[in-house]
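What follows is a short report on a single structure.
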Amino acid sequence: MSMDRSDVHHAADTGEDHPHPKHELGYYAKRIYAIRDLLIEKGVITQDDIQRQIDYQEARSPANGAQLVARAWADPAFKKRLIDDPKATCAEMGIDATSINEFVVLENTERVRHLVVCTLCSCYPRPILGRPPDWYKSLNYRSRAVNDPRGVMREFGQELPDEVEIRVHDSTADMRYLVLPLRPRGTEGMSEAELAKLVTRDSMIGVVDPLAPQ
Amino acid sequence: MARRHHDMGGLPAGPVDQTEHALSDWEILADAVNQALGEKKIKRTDEMRRAREDMDSELYRSLSYYERWIASMETILTEKKILTREEIDRKVAAFEKKWGEP
């Protein structure tokens, strides 16, 4: 995604097929264009700073996390390193997680599933998964994930037996979590690239298990 | 101490709407300006949270996610005397004139 640097007032236009006539923008949408222009005029930030952040966010996606999970499934030593020292192990794979203060990888087992939420707002392992989905930021998810995780998971299509324990982790500004999902049965002999295709974003937040092999 | 509006963990709530929307340009911009201000150490994540938590409760619930971000960014920037509300108002008025709105 690129922006037209020649026109500061339209610099965040993406050229995608959902144009918003500027005069129809809401109160706050107009204010962010004003804030952006004022910050640039005053030299607080530059257009390049903004563009770099857009490019960075566009380059983050659940594919990064899927790559980590697939390698962890394929290589037990890598898995151990990923759990023991997540940030250094991300760096091995070319994934920069240094902007996260504390980064914790939670390993699912047959007996325990982990579920990640940010009840207070929307903290999320952005360097690994990109921007959080709308539902993760929704008031209903934030409210219910902690006291009805089984019900929330059922809505996402995950039915767990009663004997499986669910541990819910509430993220903070300084602490971000990634679920390492359980490797699906019937995936013996699959390549890392094939395994990565089974690792969905939602399985790394913990609301569902990964996809089953075809 | 009474529970504040952002502190909703465990409160009764309905089903989780799993619909996702493609971000609009202004939302992508709000995200990027926020991250750029963080990179320059002009604001911190917990400051932004505090600004959202201090918002009027009705307003907090009525705004969309990035609208809350913009409102809290404006609070932080004006508190730190980097921008004033009046400057932002004037800029918006100039946009409206240019974009063809009364």
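Each value in this text was obtained by applying a stated rule to the coordinates, not by laboratory testing. Nothing here was measured: the structure is a model prediction, and the numbers come from that model. Methodologically, a virtual Cβ is constructed for each residue, glycine included, from the backbone with ideal geometry; neighbour enumeration extends over all protein chains shown.
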What are the GluC sites (Glu not before Pro) within chain B that DSSP puts in a loop, where the Cβ has at most 15 other Cβ atoms within 10 Å? B:20
Quick check: the angle from helix A:62-74's long axis to the longest principal axis of chain A, C-alpha only, nearest 10 degrees? 20
Of A:147, A:64, A:101, the most mobile residue in a GNM of chain A (C-alpha springs, cutoff 10 Å) is A:147
With a point put 7 Å past each Cα toward its Cβ, work out how far residue A:211 is from residue A:160 in nm, to one decimal. 2.3
Nearest 10 degrees is fine. How inclined is helix A:47-59 to the longest principal axis of chain A, computing both from alpha carbons? 20
So what's the projected area for chain B, the Cα convex hull averaged over all directions, in nm²? 9.2
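What's the long-distance tail for region A:151-214, i.e. % of Cα pairs beyond 16 Å?
Values: 1069 of 2016 pairs.
Of the Cα pairs, 53 percent sit more than 16 Å apart.
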Any chance you could give the angle, 0 to 90 degrees and rounded to 10, that helix A:27-41 forms with the longest Cα principal axis of chain A? 70
Alpha-carbon gyration tensor eigenvalues x 5, square-rooted, for region A:93-199, Å: 23, 21, 12
Sorted largest first, the Cα spans of chain A on the principal axes come out in Å as 57, 36, 34
For chain A, set up a GNM with springs between Cα atoms under 10 Å and report which of A:50, A:83, A:166 has the largest fluctuation. A:50
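With 10 angstrom as the radius, rank B:21, A:23, B:6 by how many other C-beta atoms surround their C-beta, starting from the fewest.
Fewest-to-most Cβ neighbours within 10 Å comes out as B:21, A:23, B:6.
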Let me know the Kirkwood hydrodynamic radius for region A:107-159, please, with Cα pairs as the basis and the value in Å to one decimal. 12.0
Counting other Cβ atoms within 10 Å, which trypsin sites (Lys or Arg not before Pro) in region A:18-110 have at most 14 and lie in a DSSP loop? A:42
Within 10 Å, at most 16 other Cβ atoms, and a DSSP state outside H, G, I, E, B define an exposed site. Report the longest part of chain A free of exposed GluC sites (Glu not before Pro). A:17-109
Within region A:177-214, name every residue whose backbone N is under 16 Å away from a label modeled 7 Å from Cα of residue B:18 along the Cβ vector. A:199-212
Given springs between every Cα pair under 10 Å in a Gaussian network model of chain B, which of B:30, B:51, B:13 has the largest fluctuation? B:13
